[in-house]
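Reading through the structure tokens given below for one structure.
Only the coordinates and a few stated rules stand behind these numbers; no lab work does. Remember, predicted model here, so these are calculated numbers, not experimental data. Methodologically, a virtual Cβ is constructed for each residue, glycine included, from the backbone with ideal geometry; neighbour enumeration extends over all protein chains shown.
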Amino acid sequence: MRVLLPLSVAVPLVAAALLLAAPQSWVRRGFDAFAVAAAGSVMVICSVLLAGSTREPMVYWFGGWLPEGGVALGLVLVAEPIALALATLAAFLVTASLVYSWHFFDTTGNLFHVLMLVFLGAMIGFCLTGDFFSLFVFFELMSVAAFSLAGYKVEEEGSLQGALNFAVINSIGAFLVLSGIALVYGRTGALNLAQIGESLAGAPVDGLVITAFVFLIAGYFVKAAVVPFHFWLPDTYAAAPTPVCVLFAGIFNVLGLYAIARTYWTMFDGVLGAELVNLRTIMVGAGAVTAILGALMCWPQRHIKRLLGFSTVSHVGMFLIGLGLFSPVAFAGTIVYLMTDGLVRGSLFLCAGILLHRLRSVDELGCDGLGRSIPFTGILFLLGGLGLAGLPPFGTFVGRALIGEEAARLGFPWVTYLMVAVSVLTAAPVLRAGARVFWGFGPGADYNHRSEAEGDEEEPETTEAHETTPPLMWVTAAALLGVSLVAGLVPDLPVRLVPAAELFLDRGAYADLVLRGVTPHKLPLPPGAPLLEGAVTGVIAALAAVVAAAIGLWHAKLPASIRDSITRSLGPAFGGVRALHSGHVGDYVAWLTVGVAVLGGLLAATLG
Amino acid sequence: MSFNSRRNLFFLGMLGFGVLYLWGLKGLPDFGRYEGVYGITLNKVAVAQTHATNLVAAVTFDYRGFDTLGEEFILFAAVVGVAILLRAQRDEAATADEEAEESKDESRSAPHTSDAVRVLGLALIGPTVLFGLYVVAHGHLTPGGGFSGGVVLATAALLVYLTGEYVALRRVSPESLTELAESVGAGGYAAVGFLGLLAGQAFLTNVLPLGTTGQLNSSGTILLINLAVSVEVAGGFSLILAEFLEQTLLVRERKHG
């Protein structure tokens, strides 16, 4: 069993190396089959490990360098349920998008598959490592693979521009993380997460600790796309190939949040824990701003992939709220929410990809009614929209309910309302676009809509429009949606997750496990949380999203007075927020530096 | 955002960033007062445990060998990424119409290589390869190793181009060969990891005989990993070189030919 741990990272990397050596004369299907088999076996490895880790968490020391006297010489992988759940999700999404790309690209060699497998290995290493510097190495490996995958459609200017913005901003984020690591290493002389945690615990909170923490948080905020570090995301999502978008939206961003939780709970809890109340306020605030801004940007989009990009920003904000509550129940809720929501958004991207494959466009107005020939994809797309709104039994409602309840208990009663409003605002444009594209609802194409994306910027990823949609494409989309749905049907999901979350948030237990090989006590399962209220809220949110979508489609029919008041009250907010997203990478860098300064100022003022 | 407001915003942010950074740096130990437990422990035990006199190599290829595997794959991914991003440009150049080509041609054509460069380049190829191999092979003894030695080896490929012609470079490093080197180098490192598993030990355990400290044939898998890394690095850099040259030279070659 233990030997599966290194294999979960080594197998995808070796498979990538072997695939690169495969002769170009191989038929295309050879590359496809090999890559799918490799990613699939990694998924099996991760699920076996996940099942094992819920019974007994494990550690694996590379090179046989076991820690001596609490000092780690070598590198360690830590198998605990939360990390493995994310690793399994990553493997599942990579497998799904490789299956999907089977018919998606008309021409492709082996290079795409090679990078996808490297990307997978990096994500799994990132999830499982218990070493601070390895975390950075896999962060970089993931990013380098992601840059090239994002720019895969080189023939298109927007694609390279998006990939370039992505690379520039994320490299600055990586620089921040590395600087943070250097500061922490300078103080503690250690790189093992658990060892650093023990070394920092009880130390005074000084400039070095605060600066290191700010740099690390800001660097991972870039990756997670938290406002104002998020600007790269919509440009990249709009231009990246669809199978890659699935990975970005489903797992890549939330791994940034995972890294923040890992960083805080293994290393900084001992030194910053006394100021948790202030820290909680800052994180919840940052999450709320991100959620609202992302939601505001969703509404005016007509480019469907860009719309889904902004919905990712918005939902990342909600996950950050859950994470920033610093409590096991909220963390369990966040994990459920980000996994099920990631699957839903992944599925929506796959549906958008089917549109591209079929119609060569993902422009909501340009495709008005053109999707009538693929109603099944339309149904999946609408279901995805309802999943975003948190309609039961999609797992999304479970996560949202847990976060909301816990937030109210900790003195943030408004969080539930905010999350419902934000899910409605992100789901409604998806439903609107779906109803218009697949059924031709709403006024015709002459209808004048203020929008972000003018016309068809997107080059098709396939050379010409296809007459038919290969079943594998919508089957993949349905599978992602199905898993998210099934997750919500597991009756005691939160109950099972809370002990795992408690383990994740227990610095002492983590250090005992890693440095001393002590297996943590099996925590008793807490009594089941009633989710009825959350389910009712979910139904209400879904209905509200449908109403909002209808308003979006037929708002010309509303009385002029109501229309005017909507325009007057919301117009400036939309316009102002839109103007910030200029596409100029220099603007993005400027906002990033301001973000670091503001974050630093806030933390220095409250913690120092 | 206008240029001025962007600049002001940036410098405002940088001011905050700079103050924060200085505040953080102030907390570091004073110069010369090193207290890092990791470094002190390794200095005591590493030579005895790994038989490598270059402690950097002992750390990167043994204690933290898994990190370095990740780093090697960063280079691997970057090289594959370059190949991906430059692939269509090549088709594009091949189909570009003649007129657009003429205008590009001026900026792309290089002056004729002088005889001095050719002779000196030719003379340097042998020593460069030898030096590269030396740096690679002595990585566990003295500063150097697979990463730096691999780059030196790739310089030899550049010298071939300088001395002869692009065609000659393609002959000594065809794309399939450089890709194979990439693959063998990266996969070889991972294979050393599996060696540990086969011996019933942990992944990347140094299971080969460690030899006598200070000898060329010592330090077990560290030497082997250095060789694998050098193949990967040399192959990767040659591939990048060839990809970029192809971009530039395709047009020129067609004009002359």
| Roughly how many nanometres apart are two label points built 7 Å out from the Cα toward the Cβ at B:LEU15 and A:ASN278? | 2.3
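Only Lys, Arg, Asp and Glu count, each charged at its Cβ (+1, +1, -1, -1), so figure out the dipole size of region A:337-411 about its Cα centre, rounded to 20 debye.
Working: 6 positive and 6 negative charges, 37 e Å.
Roughly 180 debye for region A:337-411.
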| task | Arrange the following residues from fewest to most other Cβ atoms within 10 Å of their Cβ: A:TYR258, B:TYR38. | result | B:TYR38, A:TYR258
| query | If you average 1/r over all unlike Cα pairs in region A:132-216 and invert the result, what Kirkwood radius do you get in angstrom? | reply | 14.5
| task | Pick out, from B:LEU25, A:SER53, A:VAL518, the residue whose Cα sits farthest towards the positive end of the charge dipole of the protein assembly as shown, with +1 on the Cβ of Lys and Arg and -1 on the Cβ of Asp and Glu. | result | A:VAL518
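Averaged over all directions, how much area does the convex hull of the C-alpha atoms of the protein assembly as shown cover when projected, in nm²?
Details: hull surface 147.7 nm².
Its average projected convex-hull area is 36.9 nm².
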| remark: To the nearest 10 degrees, the tilt of helix A:276-298 (Cα long axis) against the first principal axis of the alpha carbons of chain A is 20
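What does the charge count near A:THR593 come to, summing +1 for each Lys or Arg and -1 for each Asp or Glu among other residues with Cβ under 14 Å from its Cβ?
Numbers: positive: B:ARG6, B:ARG7; negative: A:ASP587.
Taking every Cβ under 14 Å from that of A:THR593, the sum is +1.
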| said: Could you compute the net charge surrounding A:ALA212? Neighbours are other residues with a C-beta less than 11 Å from the C-beta of A:ALA212; K and R count +1, D and E count -1. | reply: 0
| Residue-wise, which Karplus ³J(HN,Hα) couplings in Hz belong to region B:37-45, taking 6.51 cos²θ - 1.76 cosθ + 1.60, θ = phi - 60°, and x for glycine or proline? | 5, 4, x, 5, 4, 4, 4, 6, 9
| said: With +1 assigned to the C-beta of every Lys and Arg and -1 to the C-beta of every Asp and Glu, and no other charges, what is the dipole magnitude of the protein assembly as shown about the Cα centre in debye, to the nearest 20? | reply: 1500
| query | So what J values fall out for region A:302-311 if you push phi through Karplus, 6.51 cos²θ - 1.76 cosθ + 1.60 with θ = phi - 60°, rounded to Hz, Gly and Pro as x? | reply | 10, 7, 5, 5, 5, 4, 5, x, 5, 5
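Using the number of other C-beta atoms within 10 angstrom as an exposure proxy, rank B:ARG87, A:ARG302 with the fewest first.
Details: B:ARG87 16, A:ARG302 23.
Lowest count first: B:ARG87, A:ARG302.
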| task | Determine ³J(HN,Hα), in whole Hz, for all residues of region A:89-98 in sequence, where each value follows from phi through the Karplus function 6.51 cos²θ - 1.76 cosθ + 1.60 and θ = phi - 60°; x replaces Gly and Pro. | result | 4, 4, 5, 5, 5, 5, 4, 4, 6, 5
| query | Tell me, how many Å apart are the Cα centres for region A:324-365 and for region A:465-496? | reply | 11
| Over 31 Å between alpha carbons, listed pairs A:LYS305/A:LYS557; A:LYS223/B:LYS44; A:LYS223/B:LYS26 | A:LYS223/B:LYS44
| request: Describe numerically, in nm with one decimal, the distance between label points set 7 Å from Cα along Cα→Cβ at B:GLN201 and at A:LEU580. | output: 5.4
| request: Using amide H atoms built 1.01 Å from N in the peptide plane, name the residues 5+ places from A:ALA79, or on other chains, whose amide H lies under 5 Å from its own. | output: A:MET58, A:VAL59, A:TYR60
| What order do you get for A:TRP26, B:TRP23 when you list them from fewest to most C-beta neighbours inside 10 Å? | A:TRP26, B:TRP23
| remark: Taking Cα atoms only, helix A:532-554 is inclined relative to the longest principal axis of chain A by an angle, in degrees rounded to 10, of 40
| message | When 1/r is averaged over all different Cα pairs and the result inverted, which Kirkwood radius in Å belongs to region A:57-135? | response | 14.5
| Calculated FRET efficiency, A:LEU66 and B:THR142, Cβ-Cβ r, R0 25 Å, to nearest 0.05? | 0.25
| query | Using alpha carbon centroids, what distance separates region A:553-608 and region A:193-255, in Å? | reply | 21
| request: Just round it to a whole percent: the fraction of Cα-Cα distances in region A:239-332 exceeding 21 Å. | output: 39
| said: Give me the base-10 log of I(q)/I(0) for region A:281-326 at each q in 0.22, 0.23 Å⁻¹, Debye formula, one uniform scatterer per Cα, rounded to two decimals. | reply: -0.62, -0.66
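If you count, for every residue in B:34-40, the Cβ atoms of partner chains within 10 Å of its Cβ, what is the mean?
Details: counts 2, 4, 7, 9, 10, 3, 2.
Shielding by partners across B:34-40 averages 5.
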| Kirkwood-Stokes translational diffusion coefficient of region A:157-291, alpha-carbon pairs, 25 °C, 0.890 mPa s, µm²/s | 155
| request: Taking the Cα atoms of region A:322-407, report the difference between the largest and smallest coordinate on each principal axis, in whole Å and largest first. | output: 47, 20, 17
| query | Where nothing but the Cβ of Lys and Arg (+1) and of Asp and Glu (-1) is charged, how large is the charge dipole of region A:59-166 around its Cα centre, in debye to the nearest 20? | reply | 160
| said: Between 0 and 90 degrees, rounded to the nearest ten: what's the tilt of helix A:328-359 against the longest Cα principal axis of chain A? | reply: 40
| remark: Once the dipole of the protein assembly as shown is set up from charges on Cβ (+1 Lys and Arg, -1 Asp and Glu), the residue from the list B:MET14, A:PRO572, A:GLY601 lying farthest towards its positive end is A:GLY601
